[in-house]
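Asker: Sending over a structure as structure tokens; questions will come in a sec.
The values are calculated or read from the model by the stated rules, or taken from the named source; none is laboratory data. Keep in mind that this is a model prediction, so the values were computed, not measured. Here the Cβ is made from the backbone with ideal geometry for all residues, glycine too, and neighbour counts use every protein chain on show. Surface areas here come from the heavy atoms of the whole protein model, side chains and all, with no ligands, DNA or RNA. Shrake-Rupley method; radii C 1.70, N 1.55, O 1.52, S 1.80 Å.
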Amino acid sequence: LTGVLDDCLCDIESIDDFNTFKIFPKIQKLQERDYFRYYKVNLKRPCPFWADDGHCSIKDCHVEPCPESKIPVGIKAGSSNKYSKAANNSKELEDCEQANKLGAVNSTLSNQSKEAFIDWARYDDSQDHFCELDDERSPDAQYVDLLLNPERYTGYKGPSAWRVWNSIYEENCFKPRSVYRPLNPLASSRGGDDGESFYTWLEGLCLEKRVFYKLISGLHASINLHLCANYLLEETWGKPRWGPNVKEFTRRFDPIETKGEGPRRLKNLYFLYLIELRALSKVAPYFERSVVDLYTGNGHEDAESKALLLDIFRDTKSFHMHFDEKSMFAGDKKGAKSLKEEFRLHFKNISRIMDCVGCDKCRLWGKLQTQGLGTALKILFSEKEIQSLPENSPSKGFQLTRQEIVALVNAFGRLSTSIRELQNFKVLLQQTR
């Protein structure tokens with residue numbers, strides 16, 4: 001996989017070097033900090049598009065939530081109730097039942113972090129989003145420690161998983177029903193076409209609609225890469241061993257096994273990386289203001305987190321082959337506004353489809369990465385508002401909630417990890433030949 005990407009002037013080798021030596025080590029550190037490791041999510045929202053299949057019954061997907069009686073009052077309070085430190089101290093947080101089952105989502109929280117959540121809520125504000133957001137006040141919404149719940153292979157596959165992706169591509173990528181996505185096992189037989197009519201159709205689209213498809217394909221490729229890189233290799237005496245699965249990687253991305261489709265998917269991963277990288281460079285002025293804190297209540301840690309984030313922004317600005325988003329929605333004002341709104345509604349629909357994922361761990365990471373990409377799009381379409389932000393007063397015209405910030409950083413961290421894992425698979429493939 002080499003050369004220049006379509007629809008931009010950037011080559012794959014430059015992204016590999018930039019990611020490996022500059023971005024990846026720093027984004028890994030940032031994701032470990034308290035502000036970025038806790039994500040509030042509702043894993044119980046019903047699927048709005050079809051009758052619920054019932055949640056994934058295999059143990060890999062299982063979630064062992066803490067009973068509500070054991071969640072500290074400071075977390076349950078949210079922004080609507082008065083936070084009572086005394087009430088928190090009157091009961092120590094009891095240990096929740098350990099979620100030992102394979103891949104279980106661990107929603108337990110450390111004592112030192114529980115006080116921060118009520119204060120984080122004060123920094124949140126609602127906006128017009130590209131994503132369908134969870135209601136954080138819902139009794140079903142819970143904080144999840146992302147470090148205790150890494151994205152990895154869970155065994156969730158088959159018709160249920162395919163229906164989710166099929167719905168995303170077939171209903172939400174601006175495409176006519178007569179044009180089939182390549183290698184879609186749910187589509188009816190297409191004879192010997194091999195999907196070429198799809199790419200003929202895609203090349204005939206305007207830039208914005210091509211970009212939309214590539215973003216979704218890139219997200220799909222990235223998620224598949226995570227599953228291949230963090231695969232359950234064996235489970236001996238109840239102790240799972242996780243690692244890269246070359247055979248699974250080959251099945252999903254090899255040019256021969258995928259009839260030439262695999263490399264296209266991986267190129268779309270690089271394209272998505274460029275889009276989110278561009279968003280990070282564009283949103284830097286928002287965070288550079290002194291009024292913006294990554295607030296957890298621990299002043300020293302908050303200052304270190306912000307310094308590290310600003311350091312990453314400096315790196316993103318130094319990259320010399322950014323995607324030029326000015327080429328998008330650049331037609332007549334009325335047409336551009338209409339197309340942008342259509343773009344937003346399509347993407348919002350995709351974020352709702354994530355509530356149809358039957359595996360809770362897959363749903364968690366699907367929702368987070370979709371929200372991260374939605375936040376990146378919101379940033380790219382808000383450049384004027386970001387540039388005109390006041391230095392020493394609350395934001396007007398552009399605002400990011402804590403949920404959006406956490407999703408943006410972790411979603412880009414996932415893409416950075418994907419590209420790093422791709423380098424690892426290249427080495428492993430050479431060793432097996």
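Asker: Hey, if you put +1 on the Cβ of every Lys and Arg and -1 on every Asp and Glu Cβ in region 277-406, which of 285, 323, 295 ends up farthest toward the positive end of that dipole?
Answerer: Result: 323, furthest along the dipole toward the positive end.
Asker: For the modelled label position 7 Å from the Cα of residue 200 along Cα-to-Cβ, which residues of region 237-267 have backbone nitrogen atoms closer than 19 Å?
Answerer: The answer is 260-261.
Asker: When the Cα atoms of region 292-433 are enclosed in a convex hull and the volume is divided per residue, what value in Å³ results?
Answerer: Given the Cα convex hull of region 292-433, per-residue volume reads 200 Å³.
Asker: ³J(HN,Hα) across region 34-39 via Karplus (A = 6.51, B = -1.76, C = 1.60, θ = phi - 60°), whole Hz, x for Gly/Pro?
Answerer: Karplus values, whole Hz, x for Gly and Pro: 3, 4, 9, 8, 9, 10.
Asker: Pop a pseudo-label 7 angstrom from the Cα along the beta-carbon direction at both residue 1 and residue 392 and give the gap in nm to one decimal.
Answerer: Once both label points are built, they end up 4.8 nm from each other.
Asker: May I ask for the net charge around residue 397, where only other residues with Cβ less than 9 Å from the Cβ of residue 397 are counted and Lys, Arg are +1 while Asp, Glu are -1?
Answerer: Counting the neighbours of residue 397, the net charge comes to +1.
Asker: With a 1.4 Å probe and all protein chains in place, put 33, 177, 433, 289 in order of accessible area, largest first.
Answerer: From most exposed to least exposed: 433, 177, 33, 289.
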